[in-house]
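Here is the structure we will look at, set down as structure tokens.
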Amino acid sequence: MIYPEKMSMVTIVAPKTHLERVIDELYRAKVLHIKKFRPEKGLSIGEPLENAEKVSKLFLELNSLKQNLSFENGKGDFSLKEMEKTINEVSSQLKDLLEKEKEHSDRLKQLREKSKQLSL
């Protein structure tokens, strides 16, 4: 006679940003029967860490800077304060440079228009 395998209960833990992809992959692989989470035995949905909001803000700002600059891959140990200070400094410098670029671009546009009028 054929008997089903005994099931074990597992808890899948993932960041919210990856949770949907994790669940989709588990469904696709047909390896788990997934039910909605019900807190029990001291397990509950976690709360963000104390500095999560600050880290998230810095991460978004860093990604913004990364789009405007090219960085080499490097590793190092930095404190949250050091990262915040460095990111704020680089961000401030980048904003200043982007403002100057816009000013120069506007000035160039004016000069081209003047040149065009003079050549008519």
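Remarks
- Efficiency of FRET from Cβ geometry, Met7 and Lys66, R₀ 41 Å, rounded to 0.05: 0.35
- FRET efficiency for Gln110 and Glu50, using Cβ-Cβ distance with R0 set to 30 Å, rounded to 0.05: 0.05
- Peptide packing: for 109-118, 4-13, the average count of neighbouring Cβ atoms within 10 Å per residue gives the ranking 109-118, 4-13, highest mean first.
- Between Lys85 and Ser119, the contour length at 0.36 nm per residue exceeds the alpha carbon distance by 7.2 nm.
FYI, it's all coordinate maths here, none of it is from the lab. Worth saying up front: this structure is predicted, and the values here are computed from it rather than measured. Because the Cβ atoms are built from the backbone with ideal geometry, glycine has one as well, and the counts that use them run over all protein chains shown.
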